[in-house]
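FYI, it's all coordinate maths here, none of it is from the lab. Not measured: the values here are computed from a predicted model. Cβ placement follows ideal geometry from the backbone for every residue including glycine, while neighbour counts extend to all protein chains displayed.
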Amino acid sequence: MRAAVVGAFIALSVTAAGAQQQDVASARAVLPGCKYYVALADGQNPELTVPMALAAGYCAAVLDVLAASSALDPVMCPDSDIDKATAMLVFIRYIEARPQRMRERFLEHLTKRLNR
């Protein structure tokens with residue numbers, strides 16, 4: 001079941017072959033949305049743009065799916081004491097320490113980081 005859910009997210013993030021590719025699922029594309037979400041959780045009021053809203057929604061949705069799938073697969077089990085904003089902050093720190101990996105898929109980074 002977990003594989004099907006994760007597979008669905010990966011499939012949704014893939015663009016059609018031959019089409020103008022738009023970077024929507026990489027860490028570079030999603031990172032600003034995660035930062036926006038964390039800023040809101042901290043009580044700040046950052047400026048919202050459409051791309052920012054989409055990235056924040058994608059970031060939050062992936063975390064929701066991973067949390068839901070952890071009930072089905074104990075190997076994919078983020079700490080239950082970690083809330084969504086904290087998980088995003090972990091990802092932000094992880095990827096900012098590795099800028100050379102910004103082009104890699106956000107979902108792959110997040111699953112690697114939350115499994116530690």
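Structure data summary
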item: Amide H partners (placed H, <5 Å) of residue 26, local residues excluded; result: 106
item: In Hz, Karplus ³J(HN,Hα) per residue of the stretch 51-66 (6.51, -1.76, 1.60; θ = phi - 60°; x = Gly, Pro); result: x, 5, 4, 5, 5, 5, x, 5, 4, 5, 5, 4, 5, 4, 5, 5
item: Length gained when the stretch residue 82-residue 48 is fully extended (0.36 nm per residue, less Cα-Cα span); result: 9.7 nm
item: Virtual spin-label span in nm between residue 40 and residue 96, 7 Å along Cα→Cβ; result: 1.9
